[in-house]
Structures are given as C-alpha cells and as structure tokens.
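Just below is one structure, and these are the notes that go with it.
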Amino acid sequence: MTQEVELSSSTNLRQDVADEPLLRVRNLRISFITRAGRIQAINDVSFEVRAREVFGLVGETGCGKSQTALAVMRLTPEAGVIERGEIWFVGNNLAKNISNEFKLINKKNGQVKLKRNKSQLKRLNAEVSEIRGKQISMVFQEPMTSLNPVYTAGRQISEALIRHSIVSLIDRMLARNRATEEKLKEIADLTARSRLSEEELHGLLKRLGLEGLQDELWFILSKKDMPLAEKKALILQLGRSKPKAVTLRFLVRLKKSGGRIPFNYRILNGMPVVRKLFVGVIEKEALNASLELLSLVNMPNAGNVLHQYPHELSGGMRQRVMIAMAIATKPKLIIVDEPTSALDVTVQAQILELLRYLKDTFNAAILFISHDLGVISEICDRLAVMYAGNIVEVASLTELFENPKHPYTRGLLAAVPKYGEKRETLQTIDGTVPNLIDPPKGCRFRTRCPQVFDRCSQGPPWIQVGKEHCVLCWLYGDSDKHVEQ
Amino acid sequence: MSNSEGESILLQGIRLKKYFPIRTGKVFSKQPQVHAVDGIDFFIKKGEVVGVVGESGCGKTTLGRLVLRLIEPTSGALFFEASRDVVKRYIELNELECSPNAKRDNRLAELRAIEKAYSIFRSGRKNLRKYRKETQIVFQDPNSSLDPRMRIKEIVAEPLKAHRYGKNEQIYERATTLLEDCGLGPQFVNRFPHELSGGQRQRVAIARALAMSPQFVVLDEPTSALDVSVQAQILNLLKKLKNEFNLSFLFISHHLIVVRYMSDRILVMYAGEIVEVGKTEEVFTAPLHPYTIALLSSVPVPDPKTKRERIILQGEVPNLVFPPKGCRFHPRCPYAFEPCGWTSAEVMNAFITVLSSGKYPPMTKLPAILHGTIVDDFTFTIELNGNLSPNDETEIRRSLKMEIKDLGVRALTAVKDIQIDNSKATSIVAVNLHEYKKPKLNQVKGDHSVACHIYTEGGGEIVIAQARKESSLLVSRQT
C-alpha cells in the first residue's frame, strides 16, 4: 500500500485505469449495537464510483447514505461495525480484516455487547490514514460543526497540507531555490506566448529541473482577470525569496526522511525563536499554498479569510473553506455529504458551480450525497437510490428520472412539487420509514409499497432492466434476468 | 398598496419595523441595531395563503413573529379585521405625517387614537387574548416545539385549557377529533412526542395550532425538517385543512417550489424589505425584480432534461446592522444603475481597483495612487502621486465606461462627473456621484408590485426581458 501512496504523491499526472472503477463497494453490511437492539443500518450495499464521474446517493433521513460514505472512509461511529463486505479503492481493500476488528458477546439477558480489538483498530488507522484525507477527502454537511472554532481558516487548511503533502511543500521551496532568473524568464516567455496544458507545463518544468513549481505556476496562469504583464512579473518573482543555508539543509534532510522531522532537529524545533528557521518555514509555505487554494475556490477577499476564524465567516464562505481543505491534497475521490443543505438557494448555486469546476480541473470523482432530488439532478452523472439500508435502484441520471422502475423511486419523484406545474394534491408515499431494529422481512419497502404482492416477503433480487440500470424489486423478476451485484 | 375590491381583508400590516439592538458593552455610544424587518406593508385576505420567500436572515421569521405579536415591534401598525375606512384613514394620515412639511396639529393625535383603538400592537391584554385565539403558529422543528414530557392529547389540549374551552371531557374529545383530522388515530393520543416520527410530530403541532379554530395561522417553514415523501403528506394535509376550515395562512419558507405549490400570493423579501409582491403564478412566470429572477433561476429543478442557464449572484446577503443605502440589493444586482444607492465608499473602492488594475494599456503609465478620501456620501477624492495629462483624463473616463460594459462593475455607473485638479505636485481627482433614492413598492400591472428603480426610471421592461431570457426562466419542460 505504501508503494501505491508514494506513486501518486510523486506526480500530479493521473494514470487512469479506464475500466477499473475508482471505488467499488461490495455487499457492505453495517450494524449498530445499541441497548435497544441491533440496528441493521446498512443491509447489503454494492456500488461503484468510476474515475471522474459524479455519483449520487439519494435517500431520506436514516436510509444509510451518510453511513455508507463514512464506511468508505472507515469512520463508522463507535457503536457501528462493518459486519461484511469489501471496500475496494484503487486496488486496496479498506475492509480487509473486518472479522478481526470486533467481537460480539451474547449476554445472558439476551443483549449483545460489542467488544473491539484495539490493536487491530490501531493498525487499521495507520493504514487507512494514508488514504483518508489524502486520496479520499470529505466535505461535511454543516461547516460550522466540522471546522475547528479555535483555529483560523488558513491554519486548518495548512494542517491538511502538512499532514499529507509535506514533501510537495518542501519540493516547492527547494525548486524556488533552484530557480534562476534565466530559467524563470524562459518559463514566463513560453507561457506568455501560448496557453500550455498541464502536461506541457509539467514537461517544461521537468526539463528545467523545477518540478516543484508546478502548482504555483499553474495557479498564476489560471488567474482569470490578470493581465499578462502582471503574470509575468509574478513568475519572475518566484525566485526572489531564497531560504537561509541552515533552513535549506533542514529541508533536504526532511525530504530524505519523507516528512518525519530528523532526530537532531527536534530540539531546535522546540525552541520558539529558532523554530522559525525550521518547521516555521514549512508552516509559512503551507499558509501560502492555502491562500492559493482559497482563491481557487473563489473565496472573496481570500487574503483576509486566511486569518479569520470560522465564526467570522458566512455559511457559504465556511463551505468554501471546507472544500479548499478537501481539494488541498488533490484527492482522487471527494465525498460530499449534503454540502448545500445548510445554505440558501443563491449560495447553493454558487457552491454547485464551484464543485463542477473543481471536478473538471482536478479530474476527481465525486460521491455526492443528498436528499434533494433537485440538487442531485443538477450535478450527478449516475445515481443510486437508497431506502432503509439498501440501494434499491441504480441508473444514469436521465434514465432514472425518465424511466424510474422501483416503486419507491417513483413515489419519491412524484412527491416533489414540480417547478412548472400546479397540481391540487401531491402524490405521497404512505406510512413511514421502518424501524431498522426489526425491519420488514424480505423487501424492506414492502410495508409502504403500493404494488406489493406475495413474493415480496422474500428478499428481492437485483435485476438489470436496462443498460446500466439495475433495480432491487420482484416486479421485474424473472429468474434468468438476475445479475450478480 | 392597493386593496383589491371584493374579498375582505383579514390582516393588514403598515410600516412594520423591528430592530434588534446589539449589546456592545459601551454605555454612552449609540447602540447598533439589526434592521431585521424595515418598513413592510402587506395584507392578507380571508381564506388566502400568502407565501413569504427569501434567503435566511432576510427577516421572514421575524415578520411571522411580529404578525402574531410574539415579539414587540419597533414601530408600525397591525390591523386585524378592522373596517376598511379606518385603515384607509390611517394610511392617509401616516403618509401626511411622513411628508417633510407636515403640520403637527391634531393629525398626530388622530393617528395615535386609531392605533390605540384598532392596532394589535397597541391593544391591551384583553384584546390581545382575543387576538391570540384567532391566530396561531406552526414552527419549523417539531422536535423542539413539542414538550417532551407531555402526552400528545395534553399537548393539543393545552391551548383549549388556556382559553377555557369547556369541561375536561369536552376538551379531550376535541383534542381527539383534531388529531384525527390531522391523520393521527386514537392509538396515538396517549403517546409521547419521542415515540412519533418527524411527520407525525408536525401533525401534532398542526392539530395544536388548530385547536381554538383560528382564522389565521403562520406556518414558519413547516416542512423544512421533513423528508420529501413526508413533506408531501404534510402539504396535502395543510391544503385540506385550509379548505375545510377556511383558514388564512402566512406560509414562510425558503423552499420556492413548495411555496409555489401552497400559496395564492407571494411576498419576496430581501434584507428586511419586500422587493416584490404578486400572484404566485405571475411572480413565478414573469418575475420583475432582478433579485426574484436570480432567486428563481437558482432553484435546482429535479429534472435533468430542463437545462437552464443560471444567474449566479455574486456575494452574500448584506449585514443588516449597516444595511446598504438605497435599494438593499444594489451591491449584488447585475442591473444596478445610477440611483440604486451607491455611496462614496463603494464607488471609491471600485474606482481605485479599476485605476490600479492596469487592464488598459494606456493607463499603465498613471502615477501611483496615494490615497482616497471620502468627503460625503456623494463625493470622494483620490490623490495621485504626479500630474495627469489631458490624455489621461479622457482615458480614465473611457475606462469607466468600458468597465461598466465589459465586466459589470456596476458601482461605476453612479459616477456623475470627474474633476481633475492638476495645480499641485500631486493631482487630485474629485468624483461626484448621482444621488440615490430608496425604491418604493410600485404597482406594475394588476396586483403585481415591485420595488425597483428600473421600472420607475424607464427601460425596465427591456432590461428585465433580457434578464429573463438570459436565465431562460421560461423554459419549462415541454418535450
């Protein structure tokens, strides 16, 4: 796994494996062990997210969409256990040893107690933390509760950078040190003449031996309203500030050790003033990079926001900080969990626009979780509808909206008041979501389904009804059409 | 504001204002205030559903609470089932009072007398109690609006007890029927709120609101905390109850599609003021105010086939402690022009940015900007380190026009004229601005009113037609 990680951090170029999906979740089952009983929150969930696509998970409160996302990051809350399933992310199974992670002890009074294997969890955390936050990042629903109120926005973004891409920060500084006036001039002239693609820029920098400058250059060049002359001046300025010799030595050592502070520097870093020459330099560089990220997410007045605390920012700005954090490490997969539910429509439109733009610039895939069918239809390529811990239907966006098959999907679509039409009564789905401690046997939608019949008391099959359109329902069930999930 | 003939008006609010003071800890300085609701006129007819839409912090909820007098107003009058003549006289007097050369004779006394006799805001405890019987509210979150230690029947019975509806048996009988009306059978009456789902809890809240058979109910985001399928149930229930009991609703929501589904008329609020009022269909199909247009165009439509161009507003809702002058929407408005409320500070920032950006090749030679000084709301000066040639002067003027056209820096439209003083070593550019006016709600056609200068200063229809076209609002799904 470590090999895998290094490979992706050393280069920004994405080697796309065309057929292999980025994320593949298979037969995931999660239960929560509570005093009231065992909540079967996720019953049997399988789906895949392909490279560069936006995959949506829709469903009502408590259907398990957020838990699915958390499980992908291996962040299932303490009471929950992954009982079964595989989570494949670019060749790694993140749920490898799930049987070793916990033990269920049956007590005399019929209750079940959960005992976790702490050493196994430690090992898991060490493994997963190389992927979590670096290759998979997450944007949460309520930015106020997921940002730390006692740190400035800039510091929180820097934290992600220092934790996950300290080597590239060092590379930036070293490359700037190597950059001579002539080399920078060459870059400035070439970029002024024609717009270089990312690959061309990479090639150019490699030839000059300045790979670390890629991000900064790309950032300068992608600024929209800046006249060329100013861009050129900025590029020439890159080589101005050179670190001191002691700092340089420290940086080289640090890079060699892969970001771990070498032993003989640890004491120096403990001294407040001297620290500035060593770790302080990296923190400052991280803050610079954070500023770039904030401008990238169209933060108004980014320079000030860097030094502001979350409570000083509005909801939309907070969400932009969260997004800047999520893209800081250039992840392959961004999980966004109801990113706009706490925002107003006009700000929601801004954020959706931003996500779309970032997806294209970073070539990342997005796992988009929402209960709002409107938002989903604005941004997703494919989507899965969840109900009571199951995915009941998967299809491409247009196919699902045009041709919904599962009775729940149909009910859900009909329950939303439409923009263009005025009806006297809205169609509803009768009843409420079942209690997942004792879910209905067979199909979990059985109790509310208008088309229920006798076969529904058995677990429904996963049936392919069209190209890339699968549904979990007996209505379409001829045994020969069954497909492997 | 016109009261259309025919149906009788149930509730009318005139110049409602609510400012919330902010504690600063300073004793002698003036206390800053949040201008949450700032001069709102509205009316609700009998049996009508009026929707209030707007972004969070625009004062929708404050308005709802003011109407029930759950919070004390800063100023304004609220008439409930008052005779039309009284209200008319009050509006007349109020307008006279507001004009600058009003004679302060016995008009003021009459005004106060009307307020004292009819306005809910002035009524004493007894009258207020009567009013409370007729009006009710359903809150957004049923988890926090229901007492967790009371059984469902007790919750619904509470208003009945408070208003001495009758004997205990009568009260509980009524509670049970009400719950049944709201779709909760007798098996529910002895349960506690935590045993119910979100939708069922909201049904209890609605049953409680209807307990004293009020005429008027404020629905403050009644479905925001609910799921889509449950939301549909609650909306249907509300519609059914409205028809059954001939209720009037003030339906507050930020969810535009839901408001459209529910209401007959719509008030669009922005930053504490009403920017547009009209029949639901008219507002949705032919919106007038630029804010309404942008708001409607940013509603996500659950239909992948309707691909619409969006007007994405820049910036966010203004700080209501220091609300923007003139039209409060002008800093974000893509069509703002001279009288919309630009002040020196805004224009100066934009002006300096343009001068120092160097986007225009001839202007790169401009001397450096030393500093800008704000003289008053309509004048400011900028000091440049060096002399300007006449050529520079024309360049500056030209660039201002270019900026307005190309990049939509609307602030520069407010520049009236520029004087350049070259007599000293540093040159001073003095800029005069157009005066701004506060837009008033203005009838455009029928019942459809809008507070926007575009319609009074001319060119409105053309500008807005283009805006609508840009946002392709009218494209609905016809395949």
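A few comments on the model shown:
- Candidates B:E273, B:E244: the one that is among the acidic types (D, E), away from chain A (no Cβ under 13 Å) and in contact with a strand residue (DSSP E or B) (Cβ under 7 Å, 6 or more places away or on another chain) is B:E273.
- Filter pass, B:L237 being away from chain A (no Cβ under 11 Å), in contact with a Cys (Cβ under 9 Å, 6 or more places away or on another chain) and assigned to a helix (DSSP H, G or I): no
- Annotation: A:Q308 fulfils all but one of (1) crowded, with 22+ Cβ neighbours inside 10 Å; (2) away from chain B (no Cβ under 11 Å); the unmet one is (1).
- Residues of region A:315-357 satisfying the condition of being hydrophobic (A, V, I, L, M, F, W, C), more than 10 Å from chain B (Cβ to nearest Cβ) and part of a loop (DSSP other than H, G, I, E, B): A:A328
- Qualifying positions in region A:293-304 - within 14 Å of another protein chain (Cβ to nearest Cβ) and surrounded by 22 or more Cβ atoms within 10 Å (Cβ to Cβ): A:M299
- Within region A:236-255, being at pLDDT below 85 and either part of a helix (DSSP H, G or I) or not assigned by TED's automatic domain parsing to the domain that holds A:L277 (or both) holds for A:L236, A:Q237.
- Helices (runs of 4 or more DSSP H) wholly inside region A:95-192 that include at least 3 residues being within 20 Å of A:L333 (Cα to Cα): A:118-128, A:153-164
- Test set (1) within 24 Å of A:A69 (Cβ to Cβ); (2) touching an Asp or Glu at 6+ places or on another chain (Cβ under 8 Å); (3) of a type outside the set (V, I, T) - A:L436 fails condition number: (2)
- When every residue of region B:190-208 is checked against the conditions, at least one turns out to be out of contact with any helix residue (DSSP H, G or I) (no Cβ under 8 Å at 6 or more places or on another chain) and within 14 Å of chain A (Cβ to nearest Cβ).
- Residue check, A:L228 within 14 Å of chain B (Cβ to nearest Cβ) and either surrounded by fewer than 17 Cβ atoms within 10 Å (Cβ to Cβ) or not aromatic (F, W, Y) (or both): yes
- Residues of region B:258-303 classified as buried (at least 19 other Cβ atoms within 10 Å of the Cβ) and over 19 Å from the mean Cα position of the chain (by Cα), total: 5
- So A:S165, is it at pLDDT below 90 and within 30 Å of A:A245 (Cβ to Cβ): yes
- Failed criterion for B:R410 (all others in (1) surrounded by 17 or more Cβ atoms within 10 Å (Cβ to Cβ); (2) modelled with pLDDT of 80 or more; (3) not β-branched (V, I, T) hold): (2)
- For the residues B:I311, B:I293, B:I266, the requirement of being more than 8 Å from chain A (Cβ to nearest Cβ), touching a helix residue (DSSP H, G or I) at 6+ places or on another chain (Cβ under 6 Å) and modelled with pLDDT under 85 singles out B:I311.
- Of the set (1) within 14 Å of another protein chain (Cβ to nearest Cβ); (2) among the hydroxyl-bearing types (S, T, Y); (3) more than 26 Å from the chain's Cα centre (by Cα), all apply to B:T176 but (1).
- Given (1) within 14 Å of chain A (Cβ to nearest Cβ); (2) part of a loop (DSSP other than H, G, I, E, B); (3) under 30 Å from B:K240 (Cβ atoms), number of the condition B:G51 does not satisfy: (2)
For (1) touching a strand residue (DSSP E or B) at 6+ places or on another chain (Cβ under 8 Å); (2) of a type in the set (D, E); (3) away from chain A (no Cβ under 14 Å), each residue gets a yes or a no:
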residue: B:Y118; (1), (2), (3): yes, no, yes
residue: B:F121; (1), (2), (3): yes, no, yes
residue: B:Y131; (1), (2), (3): yes, no, yes
residue: B:E158; (1), (2), (3): no, yes, yes
residue: B:R164; (1), (2), (3): no, no, yes
residue: B:E180; (1), (2), (3): no, yes, yes
residue: B:D220; (1), (2), (3): yes, yes, yes
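The values are calculated or read from the model by the stated rules, or taken from the named source; none is laboratory data. These numbers were taken from a predicted model, which means no experiment stands behind them. Note that we place each Cβ from the backbone using ideal geometry, even for glycine, and neighbour counts take in every protein chain shown.
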